[in-house]
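The values are calculated or read from the model by the stated rules, or taken from the named source; none is laboratory data. Every value quoted in this text rests on a predicted model; they were computed, and no experiment measured them. For neighbour counting, all protein chains shown are included, and Cβ atoms are generated from backbone atoms with ideal geometry for every residue, glycine included. Ligands, DNA and RNA are stripped out before the accessible areas are found, and what is left, the full protein with its side chains, is counted by its heavy atoms. Shrake-Rupley method; radii C 1.70, N 1.55, O 1.52, S 1.80 Å.
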Amino acid sequence: MTFTQERTLATAVRADFPILHQQIHGNPLIYFDNAATSQKPTAVLDALQNYYQGYNANVHRGVHTLSGLATDAYEGTRDKVAAFVHAATRDEIVYTRNASEAINLVAYSWGMTTLQPGDEIILSVMEHHSNLVPWQFVAQKTGAVLKFVELTPTQEFDLDHFQSLLSERTKLVAIAHVSNTLGCLNPVREVIDLAHQVGAKVLLDACQSVPNQPIDVQALDCDWLVASGHKMCAPTGIGFLYGKLELLRAMPPFLGGGEMIADVFLDHSTYADLPHKFEAGTPAIAEAIALGAAVDYLTAIGMDTIHAYEQDLTLHLYQRLAELPEVQTYGPKPNADASNRASLAAFTTGSIHPHDLSALLDQSGIAIRSGHHCTQPLHRYLNISSTARASLYFYNTREEIDAFIVGLKDAIAFFSSMSEE
Ligand SMILES: *Cc1c(COP(=O)(O)O)cnc(C)c1O
């Protein structure tokens, strides 16, 4: 598929997203907060509705018809997710509430039981709090030591620095595939190979890559990968952990309860096989089923198509932002085809506070985020307290970017007239 301004991917799909067709403060909604959560297509909303209206029942434990239908749909999503990320088997996909819970699962089940005093965990300064705080817990409890990869002058993952931190003491490398603030695409292939050479495991925080580009966990050879459904057109409350089968088999359960057991005695229990060993209690059934609908939806468009379209948007966004001298962006500038970064821009505009900017843009119907985007250490590292962030998805358009630039110019003019008074 090729994209022209006459017929873009977005014009083909926007009808699928009812929420986009509304006015905010009298202006058409421009939703540029996709890195925080994506919107949901009708197919996903219907999947939720159909489950509750037609076959709501608990999964796994019932022999009646509705329970069978619910179980089939719930387990069906597992096959879809496994195929979506190219896992070797469905048993390598564990449902979680979100990516944060998936990271905590690995931290508690593997980290707390495996790591010894002096073992090292390598993270980077750009990590989301979700891929930082659980490892702080692990370090505090086990005596493991956290090390942080810094940034290159272009504000990207410094592979040389990473290599200098890597040693026989390194037991885990946990990094973002794509940064939710800098937008850089990290050199994960190289990182994984280098980490494996010293016997370390690698966890990829793929929250910002799984929704936007094709993912092949076998080609990547990562040990674990986590993502959240709500950033890839699915509801909140459902995410997943991918883990290599042998590794998941060796890991003890994280949470105890129903569903995760084989036999229960008063004083001990044996555990269910994978993946149920890690899924205690009644799961988010409707949300998991709807995640399957989201995966179907994205697959039907094609992740290559989505990625190519977003690259085009990225080039346009940065080209237009470059017209505004007050705007400073963070993270790498896009290369010729924007293959080095995500379709988002974190930026500051001189002395205008990002919250003020964001509040003013909201008056024009433009939704962007302001703050630290759950990357407070990164902001400290960059010596800034907060940034504004516009983040795009495949239903956004060049025309929306143009309207955003007009809004931004007006906002900058407004605040400069205020400061002159
Ligand atoms: C959103 C995000 C997370 C956390 O996802 P939750 O759904 O809040 O658990 C972690 N890492 C990155 C890079 C993210 O963008």
- Task: Sort out which residues of segment 328-356 are open to solvent by less than 60 Å² (accessible area, probe 1.4 Å) and more than 25 Å from the chain's Cα centre (by Cα), and write them in order of number.
- Result: 349, 352
- Message: If I filter segment 125-140 down to residues being free of Cβ contacts under 8 Å to residues at least 60 places away in the same chain and of a type outside the set (A, V, I, L, M, F, W, C), which single residue comes out as farthest from residue 157 (Cα to Cα)?
- Response: 140
- Query: Can we say residue 81 is in contact with a Phe, Trp or Tyr (Cβ under 6 Å, 6 or more places away or on another chain) and either at positive phi or not assigned by TED's automatic domain parsing to the domain that holds residue 257 (or both)?
  - Reply: no
- Message: Looking at segment 104-117, can you tell me whether even one residue there is open to solvent by 20 Å² or more (accessible area, probe 1.4 Å), in the same structural domain as residue 250 (by TED's automatic domain parsing), under 21 Å from the mean Cα position of the chain (by Cα) and within 19 Å of residue 223 (Cα to Cα)?
- Response: yes
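Step by step: first the residues of segment 146-184, then only those that are open to solvent by 60 Å² or more (accessible area, probe 1.4 Å) and in contact (Cβ under 8 Å) with a residue 12 or more places away in the chain, then the one that is nearest to the ligand (Cβ to nearest atom). Which residue is that? Don't jump to the end; show me each part of the working.
Quick first cut of segment 146-184, residues open to solvent by 60 Å² or more (accessible area, probe 1.4 Å) only: 147-148, 150, 153-154, 160, 163-164, 168-169, 171.
Retained after the next criterion (residues that are in contact (Cβ under 8 Å) with a residue 12 or more places away in the chain): 147-148, 150, 154, 163, 168-169, 171.
On the way: 147: 19, 148: 16, 150: 18, 154: 19, 163: 23, 168: 29, 169: 26, 171: 21 Å.
Only one residue fits best here, namely 148.
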- Considering only segment 366-396, how many residues are crowded, with 20+ Cβ neighbours inside 10 Å, farther than 12 Å from residue 352 by Cα and of a type in the set (Val, Ile, Thr)? 3
- Message: I'm trying to understand the selection: among the residues of segment 185-235, which are charged (D, E, K, R) and without any contact (Cβ under 8 Å) to a residue 40 or more places away in the chain?
- Response: 189, 190, 193, 221, 223
- Message: For the condition touching a helix residue (DSSP H, G or I) at 6+ places or on another chain (Cβ under 8 Å) and closer than 13 Å to residue 33 by Cα, what is the one hit in 364, 370, 339, 385?
- Response: 370
- Note on the structure: Counted residues in segment 118-133 being open to solvent by 10 Å² or more (accessible area, probe 1.4 Å) and near the ligand (Cβ under 9 Å from one of its atoms) come to 3
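Can we say residue 320 is in contact with a strand residue (DSSP E or B) (Cβ under 6 Å, 6 or more places away or on another chain), modelled with pLDDT of 95 or more and among the charged types (D, E, K, R)?
Working: in contact with a strand residue (DSSP E or B) (Cβ under 6 Å, 6 or more places away or on another chain): no; modelled with pLDDT of 95 or more: yes; among the charged types (D, E, K, R): yes.
Spelling it out, it is not the case that residue 320 is in contact with a strand residue (DSSP E or B) (Cβ under 6 Å, 6 or more places away or on another chain), modelled with pLDDT of 95 or more and among the charged types (D, E, K, R).
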- Message: Just checking, does segment 232-242 include any residue being modelled with pLDDT of 95 or more and more than 12 Å from the ligand (Cβ to nearest atom)?
- Response: yes
